[in-house]
Amino acid sequence: MTERCWLALVDEPPHAAAAAAELAEPDGAPAGWLAAWMQRAKPVRSALRVDPRIVDPRGDRGWVSLVLVPPGFALPFDDLAVQQARRDVLARPPARAVSTLLRDSSHFQGAITVTDQRRDADPFARLAPRRVLRVGRGLFGRPAPPVGPTIERYGSANPWPWDRYG
Amino acid sequence: MAEGLPFAAGDALPDFELPDQNGNARRLRELVGTDATVLQTFRGWWCPKEQRFFRRLIALQDEAEVGYVRFVSLSVDPPPVSAAFRAGLGARWTFLCDPDRGVVERLGLRETTDTLNDPFVPAVFVLRPDLQVHSAYNGYWFWGRPTADELVRDLRAVTRDIRADWDAPTP
């Protein structure tokens, strides 16, 4: 796979993004934009790799639970706590879309969970600070939930739950 | 092995679509994807033999989660029942639901001796990504079901066959 899917929180609607949607705090206050790019190179400094199946420019509005490991901290993707969070995701009723976020092949940098209604429970929120935000139309689709029980990545460069090699 | 089942090693299962335990429409071919897959048909949550066999699969789940294989369980239980049963078991794989019994008839897997529940015959199929049956186990009698060791052996054989890098790359 030569192209990668990148996701980043940005202040302004980005140029050349494959999809983007406006964010708002739960009380409606503007919270910037969330954008996705399909390209080999990282589009902006803060961009993280995401499972491309969750991105859909025709996607409906919803809620996101955005978990991000703070700058300066490093959490191995194979850490037992990260493994358990992935198990918990599979055990629970599925979200509309979910993906871990990667900066490199070794570390868990965060996760994004998309739901139609606000959902307070997020297994990844045990690992790092979380923001719950409203997301507008045009970014997140409704991919098939993970089949289970695989919690491993298909190649260390691919965000879980991407489910095939290549 | 697999006497009394309409599908044996080398046969291809037909693709079909059913709701999962959450009511999402799922196709078998998409669930199997590119991995070796254990497809289990079972009578229903109420059957003691199924409850015991599921404990075997639950134990194997902890190995399967790192082995790039998939599990799919299939019964005539409706989605809410399957979701509750799955949660109670602690299963982390997909349950398919055939309450209208269209797929059980299409596959020829209806257990005709149970006219009260009209369930699936208990069976286990280890599938290749093209839905070809690698091995089939008729679980009508409990001892016809695969042991964990047999499933590991089958999953190893399919994985060895479908992964081009089974033999670790050498310098």
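The values are calculated or read from the model by the stated rules, or taken from the named source; none is laboratory data. Just so it is clear, the model here is predicted, and its values are computed rather than measured. All Cβ positions, even for glycine, are placed from backbone atoms using ideal geometry, and neighbour counts span all protein chains on display. Accessible surface areas use protein heavy atoms only, side chains included; no ligands, DNA or RNA. Shrake-Rupley method; radii C 1.70, N 1.55, O 1.52, S 1.80 Å.
Has the stretch A:45-67 got any residue that is over 14 Å from the mean Cα position of the chain (by Cα), in contact (Cβ under 8 Å) with a residue 60 or more places away in the chain and over 30 Å from B:Pro19 (Cα atoms)? No: zero hits. For first residues located in the stretch A:88-113 and basic (Lys, Arg), partners that are open to solvent by less than 40 Å² (accessible area, probe 1.4 Å) and lie 6+ apart or on another chain with Cβ distances below 8 Å form the pairs A:Arg92/A:Pro123; A:Arg96/A:Gly62; A:Arg96/A:Val114; A:Arg96/A:Thr115; A:Arg96/A:Phe140; A:Arg103/A:Leu48; A:Arg103/A:Arg49; A:Arg103/A:Gln109. In this structure, is B:Ala157 buried (at least 22 other Cβ atoms within 10 Å of the Cβ) and out of contact with any helix residue (DSSP H, G or I) (no Cβ under 9 Å at 6 or more places or on another chain)? No: the conditions fail for B:Ala157. No other residue among B:Arg92, B:Arg101, B:Arg163 is closer than 21 Å to B:Arg29 by Cα and either crowded, with 23+ Cβ neighbours inside 10 Å or of a type in the set (Ser, Thr, Tyr) (or both) apart from B:Arg92.
Could you go through the stretch B:124-137 and let me know if any residue there is free of Cβ contacts under 8 Å to residues at least 24 places away in the same chain and open to solvent by 10 Å² or more (accessible area, probe 1.4 Å). There is no residue in the stretch B:124-137 that is free of Cβ contacts under 8 Å to residues at least 24 places away in the same chain and open to solvent by 10 Å² or more (accessible area, probe 1.4 Å).
Does the stretch A:56-75 contain any residue that is open to solvent by 30 Å² or more (accessible area, probe 1.4 Å), assigned to a strand (DSSP E or B) and touching a Ser or Thr at 6+ places or on another chain (Cβ under 6 Å)? So far as the stretch A:56-75 goes, yes, one or more of its residues are open to solvent by 30 Å² or more (accessible area, probe 1.4 Å), assigned to a strand (DSSP E or B) and touching a Ser or Thr at 6+ places or on another chain (Cβ under 6 Å).
Scanning the stretch B:131-154 for residues that are under 15 Å from the mean Cα position of the chain (by Cα) and either among the charged types (D, E, K, R) or more than 25 Å from B:Val103 (Cα to Cα) (or both) yields B:Arg145, B:Thr147, B:Ala148, B:Glu150, B:Val152, B:Asp154.
A quick yes/no check of all residues on (1) open to solvent by less than 10 Å² (accessible area, probe 1.4 Å); (2) touching a helix residue (DSSP H, G or I) at 6+ places or on another chain (Cβ under 9 Å); (3) within 8 Å of chain A (Cβ to nearest Cβ); (4) of a type in the set (Phe, Trp, Tyr):
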{"residue": "B:Gly44", "(1), (2), (3), (4)": "yes, yes, no, no"}
{"residue": "B:Lys49", "(1), (2), (3), (4)": "no, yes, no, no"}
{"residue": "B:Ala59", "(1), (2), (3), (4)": "no, yes, no, no"}
{"residue": "B:Glu65", "(1), (2), (3), (4)": "yes, yes, yes, no"}
{"residue": "B:Val69", "(1), (2), (3), (4)": "yes, yes, yes, no"}
{"residue": "B:Ser75", "(1), (2), (3), (4)": "yes, yes, no, no"}
{"residue": "B:Pro80", "(1), (2), (3), (4)": "no, no, no, no"}
{"residue": "B:Ala83", "(1), (2), (3), (4)": "no, no, yes, no"}
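Residue check: is A:Arg118 open to solvent by 10 Å² or more (accessible area, probe 1.4 Å), within 18 Å of A:Ala8 (Cα to Cα) and modelled with pLDDT of 95 or more? Criteria not met by A:Arg118. Taking each residue of the stretch B:142-166 that is closer than 14 Å to B:Tyr68 by Cα and looking for partners that are part of a loop (DSSP other than H, G, I, E, B) and open to solvent by 100 Å² or more (accessible area, probe 1.4 Å) with beta-carbon atoms closer than 6 Å, six or more apart or interchain, yields B:Arg160/B:Trp166.
Does A:Ala144 satisfy the criteria of being farther than 17 Å from A:Arg4 by Cβ and within 14 Å of chain B (Cβ to nearest Cβ)? When the stated conditions are applied, A:Ala144 passes them. I'd like to check something: does the stretch B:6-17 contain any residue that is within 14 Å of another protein chain (Cβ to nearest Cβ) and surrounded by 15 or more Cβ atoms within 10 Å (Cβ to Cβ)? So far as the stretch B:6-17 goes, no, none of its residues is within 14 Å of another protein chain (Cβ to nearest Cβ) and surrounded by 15 or more Cβ atoms within 10 Å (Cβ to Cβ).
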